[in-house]
Structures are given as C-alpha cells and as structure tokens.
Amino acid sequence: MPPFRSRHPRRSLSVTLSVAVAGSLVALSSAGQVTAADRAAEPAPQAAADFRGVNWAAPGDNFTDGPVVPEGLSESDDYDTVKAKASVVYDQFQSTVGANTVRLPINFDSYPGTTWGDSYAGAIDAASESGLNVIISLWEGASANGRIDDLAGYNALWDAVVERWGDDGRVHFEPMNEPYAYTPAEWADIAAAWIEDRPSVPRERILVSGHGYNGDVTAVCADSRLDGTYLSLHLYAFQFAEMSYDQWRDTFDSRIGDCGSRTVLDEFGAPLDDGRDYDHPDSDDNFVRYLRAATDTVRAEGMGAVYWPALGGKHTNRPDHDWYSLYAIEGSGTDLTLTVRNESAVNRLHHAWAVTN
C-alpha cells in the first residue's frame, strides 16, 4: 500500500514478508526447522485464481523501522509462541471467509538470522501446516524511497529466506513491495536479476511486482525474462479521483492488459467499519463502485485476490485500527477471536474468488 511516510535516518529497505500457504502439512524438526526431508510433496503449480486470501500486517503499517510484527503477535514471542498464535489466526481466516492464502511482510529485522526473524519464522511454518499458500513480500522501512539502497543486504536477506523455505512448495516470494522509484525497465532488470541469482526457485513460486506502486503489470508481463512468474498488482480508490463503475473497470483493465491469468491483486481494500453496503450494484458511493469493479475484474480475468488488510494496517482514519481491516481482533496470547467487520465485503471476496458463500 503506498505509504504515508515520515522521514527517519535509518536503512530505508525493510523487507515485507508475504506468506501464502496451500496444501498438505509440513512437519517440523525438533529444533523448529523445516527440513527438505520433512516436507510434504510439493503441490503442483496453480493458476493465479487459486490465490484466495488476505494480508496480515503490522499495526500502523508494514513500513516500519525495526521488526515488522503482525497484529496479534509480540516481538517478545519465541518461535513456538508465534507458531501457536498464528495457527489460531489462520484457522479463523479459513473458517470465517475461506481464505487459502496469507501474505506476510518481512524486512531487514524480520528474516531468518535476525532475533525476531527466527521467531517470526513460526508464522510462515504455521501457515504451511495449516494448508495455506504463503506470499513473502519485502517491505521498506518508514523512510521508504521506493528503491533498494543496500543491494548486498537485500541479496543476503533473500538468500536466507530462500534457504529457509526454498523447498516448501507452498511458500512464494515477492522480491520487493511497491518499487516505485524505478522506471519499468529498471525494475524489470532487478526482478530478472533476482530470478537469475536464485535458479533453484521455480518461477511459479515468484510474484513480480508491477512497476510503480505495483500499479501496472503490463511492462513486467511483456518482459520474456520474467515468463512463468506470477505478477502482483495493487490498486486503491484513494489513489484516484472518484469514478463511475465503468471507469473503475476501465482503469483495472488498462493496468492489467491481457495478463490477467498471471496476475494476483495482492493488495486492494476499502472501508469496512462504517456500514457500507458492497452488495449494492447501483451505489453512488465511490468505494462501493471501486470494490465491486475490483472483484468483478478479478473474477472475469481469472486473477488471484488477496485483500488488504485482514489485520493490522494504517491507523490514519481511526486511532486503533485500519478502517479497511477485514477483522476486529480481541483477546491475548493464543486466546484470539476475530470478528468480521462487514459481511457484504466478504460476499464480494467470495464473488472474486468464484466460491459459494
């Protein structure tokens, strides 16, 4: 999601971990490390439309200096505690809306080999065990500038992530969230280099962001060096002036081109805490028109859809939660209860996912 940024003199590349997990259970060694020998058979490549999920974000957004800690977790949690809490959250993602995917953020303080990253690994492993797809996405810090400032650190981070989960077919990798400082050609070069540097990663386990704020996938789709990968699109109503439903459909179509079958809309959302009716086909509310156009586009184009956010996110319009958030969360420890904020939005997710309510 495009950041509302403040400037802080700190490393500007923080990496987002998006995790989507699908398939059978993954066994853990006694040390908590998933080994190649322990893993279940790798699932077959799936269509983009098979990514049906939600983002689990940190309170206040994932653009943060320091560890990125999704809502409901605590930086003081160890691996086993993170894994237990995450399992409770994932069970409710699945039982309440039928999600099969979770997108998680990572950054320089949140990947294997860092103190929090070693604990946070439990969230990824729990997702895989829960039968979810996982998308791990790299986020910048609070002083985000839309580019990779520490290339050596960037590569070290991704090498550690791939070493940890490269054998788990449920885990997918998104090399950078919203690379907006690069031209389309520059970003395609970086994405192609990421793939070339990690030949062990199957292309169907990679999501390449569209250029800008992930806002247009046509350029990366046209680059043959990126063939076989999925494409990641982000579009929000707040980025544009108000539009009619047809204008929203045209906007989505122009940013997707003929690449829908490869594209996952892995960030989109609208206010869910104020009673808007997203089932209304003739609404004069711009957010309703936008969300209906987004979900209709996903279904028509055979795309994947991962809602932003399920939990966490910006506290810009509300002091204690993101008004786009799908759930309110209550409780502590592993006694966590999620409550859906807007059932009509769930109906639209199910429409996008082509599943029965």
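The values are calculated or read from the model by the stated rules, or taken from the named source; none is laboratory data. From a predicted model like this one, the values you see are computed outputs, not experimental measurements. All Cβ positions, even for glycine, are placed from backbone atoms using ideal geometry, and neighbour counts span all protein chains on display.
So here's what we get for this one:
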quantity	calculated
Selection count, region 306-324, where residues are more than 27 Å from Gly260 (Cβ to Cβ) and either buried (at least 24 other Cβ atoms within 10 Å of the Cβ) or aromatic (Phe, Trp, Tyr) (or both)	4
Qualifying residues in region 160-181 (those that are assigned to a helix (DSSP H, G or I) and touching a helix residue (DSSP H, G or I) at 6+ places or on another chain (Cβ under 7 Å)) - the one surrounded by the most Cβ atoms within 10 Å (Cβ to Cβ)	Trp165
Residues located in region 191-214, provided they are touching a His at 6+ places or on another chain (Cβ under 7 Å) and outside any strand (DSSP E or B)	Arg205, Tyr213, Asn214
Matching residues, region 338-357, being under 17 Å from Asn55 (Cα atoms) and either among the aromatic types (Phe, Trp, Tyr) or in contact (Cβ under 8 Å) with a residue 24 or more places away in the chain (or both)	Leu338, Val340, Arg341, Asn342, Ala345, Val346, Arg348, Leu349, His350, Ala352, Trp353
Candidates Leu132, Leu151 - the one that is of a type in the set (A, V, I, L, M) and in contact with a helix residue (DSSP H, G or I) (Cβ under 8 Å, 6 or more places away or on another chain)	Leu132
Candidates Trp308, Trp248, filtered to the one that is touching a strand residue (DSSP E or B) at 6+ places or on another chain (Cβ under 8 Å), in contact (Cβ under 8 Å) with a residue 12 or more places away in the chain and farther than 26 Å from Asp197 by Cα	Trp308
Qualifying residue in region 152-159 (condition: buried (at least 19 other Cβ atoms within 10 Å of the Cβ), out of contact with any strand residue (DSSP E or B) (no Cβ under 9 Å at 6 or more places or on another chain) and not aromatic (Phe, Trp, Tyr))	no
Residues located in region 91-131, provided they are among the aromatic types (Phe, Trp, Tyr), assigned to a helix (DSSP H, G or I) and buried (at least 24 other Cβ atoms within 10 Å of the Cβ)	Phe93, Tyr120
Of residues in region 247-305 being assigned to a loop (DSSP other than H, G, I, E, B) and touching a Ser or Thr at 6+ places or on another chain (Cβ under 6 Å), the one surrounded by the fewest Cβ atoms within 10 Å (Cβ to Cβ)	Asp277
Some residue of region 270-284 being under 26 Å from Ser87 (Cβ atoms), at pLDDT below 95 and more than 18 Å from the chain's Cα centre (by Cα)	no
So Ala328, is it in contact with a Ser or Thr (Cβ under 6 Å, 6 or more places away or on another chain), surrounded by 15 or more Cβ atoms within 10 Å (Cβ to Cβ) and among the aliphatic types (A, V, I, L, M)	yes
Those residues of region 147-159 which are in a loop (DSSP other than H, G, I, E, B) and within 21 Å of the chain's Cα centre (by Cα), in sequence order	Arg147, Ile148
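A quick yes/no check of all residues on (1) under 17 Å from the mean Cα position of the chain (by Cα); (2) of a type outside the set (Gly, Ala, Ser); (3) closer than 16 Å to His172 by Cα:
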position: Thr81; (1), (2), (3): no, yes, no
position: Asp91; (1), (2), (3): no, yes, no
position: Asn100; (1), (2), (3): yes, yes, yes
position: Thr114; (1), (2), (3): no, yes, no
position: Ala121; (1), (2), (3): yes, no, yes
position: Ile135; (1), (2), (3): yes, yes, yes
position: Glu140; (1), (2), (3): yes, yes, no
